[in-house]
Amino acid sequence: MTADTGAADGGPADAVTGTGDVPDAVTGTGTPDTAGTAGAGTAAEGGTFHERLTALAERRIEMGEVRGVAAADPVNIPMIRHWTDAIGDANPLYTDPEAAAGGVHGEIVAPPAMIQVWSMPGVKRSARQVSTPVDDVLRMLDENGHTGVVATNCEQTYHRYVRLGERPVPATRFAGLSGPKRTALGEGYFVTWNVTWYVGEEPVATMLFRVLKFRPREREEAPPPEPATVNAAPRMPYPLRPATAVDDAARTPDPPEPATVNAAPHTPDPPKTVTAVDDAAPRAPYPLRPAVNRDTEFFWEGVAKGELRIQKCAGCGELRHPPGPVCPSCRSADRTYVVAGGEGEVYSYVVHHHPPVPGRETPFVVAVVELPEGVRMVGNVTECASSEVGIGMPVRVTYRQMDDELTLPMWIPREA
C-alpha cells in the first residue's frame, strides 16, 4: 500500500512555483560525525554558506539510518478510536473486537495511515527523543535566514498492519539536499529524508518526506516568472466581473442557485486603514505571504476591498473553492465570481502549538469554515480563546491588515 500526498499552505490553492528543476540529491565523501551537534564540523570551515551547507548534508547522508526510540505508548484502541473519529473512518476492523475477530487479520489492527502518530514526540518534545541526521541541516538553514518552511512531498508505503501492543521504532535517513532554488515564496533549498518504522527488526512502513526551507521574499524583490505549462487550459482575462442576471439566464441547464449567494447578513469589517503613523514607520513584511496566481488573483483583489469572493463557473453555475482554471463538473474554463455573505460555521479545526511559525504567536487556531453558499474555506479563528472554538461554532469573516500591502481574511465568533 502506498499513500502519496502533497501539502500546501492556507488560502486558495497556494502552490510553490519553482524553476521546474527536480531536486537533486547531494552526494560526496565526507567524514560522518554525530547527529545532534549543532553545525558540527561547520564553524571552522571556510567557503560560502552553500558550500558549508552542502558539506554538512554530505556528512549526514553518509551517517545512514539513525534509529530513534520506541513509541511512548503501545498501539492501543483509545488512540485508534480518536484518530478514526477525527478522520471519519468507520471501518470496524480498527475498533470493533468482534468484527475484527471475523476479519482477514483475526484481530484489531491500526489504520496504516496512523503510522506516524505512534512516534510523534508531542508538544513538549520530551528528552526521550533522539536527534536525527536531518536536525543539523534544518538548524543551519534557520540560522542563515531560511526560516520559512512548506511541505512539498509525503509518500508513505505500508508493509503490514501494526497490531495492538506493538511499539514501532522510527529510523531516519537523510536522503538529499537540492538548491538553491528560486520559488514564488523566496529562494530556498529542498530537504529530503526517509523514515522507516520497525517492529523488532521488521520494517512495517516507510515514508519519504520533503520540505522547502526558504528565505521569505522581500517586498521589493520581483517574483520569478511563471513556468510555461504544457496543454494549459485557456484562461479568461482578469479581473473577473461579478455574475449578472444575464449570465444566469444564459446558462443551460440552469442549476438551482444557493439560497444565500450574494446575501449580506452583516457588514464585514473593512480592512484597517494605514495612518500617518504607519506611513512614518512602515511595518515589516508579513513572512507568510500567499502565492497569488492568475487563478486566485480575483480572490485577493476582493479581500483588499473587504469582499469574500467565491469562484463561479460561467457555464454551469457551480461555485467552487479553492479557485481553479477549469470547472470540475462541466470542464468549462469560463468563470466569474459571486460575493459571499461572510458567515459560516466551523466544520473542522486544529490548534497549532508547535513548531513556531514566522509572524505568528502560538497557540493559534486554523479552521475549515463551511459557508452557506456551499463551499468551505481555510482560515484562522481569532478574537477568542482557542479553548472556545468548537465544531459548529458560528463565525463571520473579518479582514486584518498584516503589513503595508497584505490583508488576510480571518474568522471571528459571530456574536463578536
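Quick note: the coordinates plus some simple rules give every number you see, no bench work behind them. Given the structure is predicted, the values throughout are model-derived calculations rather than measurements. Here the Cβ is made from the backbone with ideal geometry for all residues, glycine too, and neighbour counts use every protein chain on show.
Across the stretch 102-108, coupling constants 3J(HN,Hα) worked out from phi with the 6.51/-1.76/1.60 Karplus curve, θ = phi - 60°, read x, x, 5, 8, x, 6, 5 Hz, and Gly and Pro carry x. Rounded, prolate or oblate, given the Cα gyration tensor of the stretch 68-108, with a/c below 1.5 counting as rounded? Oblate is the answer for the stretch 68-108, as a/c is 1.5 or above yet b/c matches or exceeds a/b. Karplus-derived 3J(HN,Hα) values for the stretch 172-189, using 6.51 cos²θ - 1.76 cosθ + 1.60 with θ = phi - 60°, are 10, 10, 6, 9, x, 9, 9, x, x, 10, 8, 10, 5, 7, x, 6, x, 10 Hz; glycine and proline are entered as x. Peptides 195-205, 166-176 ranked from most to least packed, by the mean per-residue count of other Cβ atoms within 10 Å: 166-176, 195-205.
Classification of the stretch 282-360 by its C-alpha gyration tensor yields a prolate form. The axis ratio a/c (a ≥ b ≥ c) is 1.5 or more, and a/b outweighs b/c. Summing charges over all other residues whose Cβ lies under 14 Å from the Cβ of Pro394, with Lys and Arg as +1 and Asp and Glu as -1, gives -4.
Under 1.5 on a/c is rounded, so check that first for the stretch 304-416, then, if it is not, pick prolate when a/b is larger than b/c and oblate when it is not; a ≥ b ≥ c are the square roots of the alpha carbon gyration tensor eigenvalues. It comes out prolate by the Cα gyration axes. Spin-label model, Arg283/Ala304: points 7 Å from Cα along the beta carbon direction are separated by 1.6 nm. The dipole here belongs to the stretch 320-416: it is taken about the Cα centre, uses +1 on the Cβ of Lys and Arg and -1 on the Cβ of Asp and Glu, and is about 380 debye. Counting only Cβ charges, +1 for Lys and Arg and -1 for Asp and Glu, the dipole size of the stretch 274-381 around its Cα centre is about 300 debye.
Residues whose amide H falls under 5 Å from that of Val204, counting only those 5 or more places apart or on a different chain, are Trp197, Tyr198, Val199, with hydrogens built in the peptide plane.
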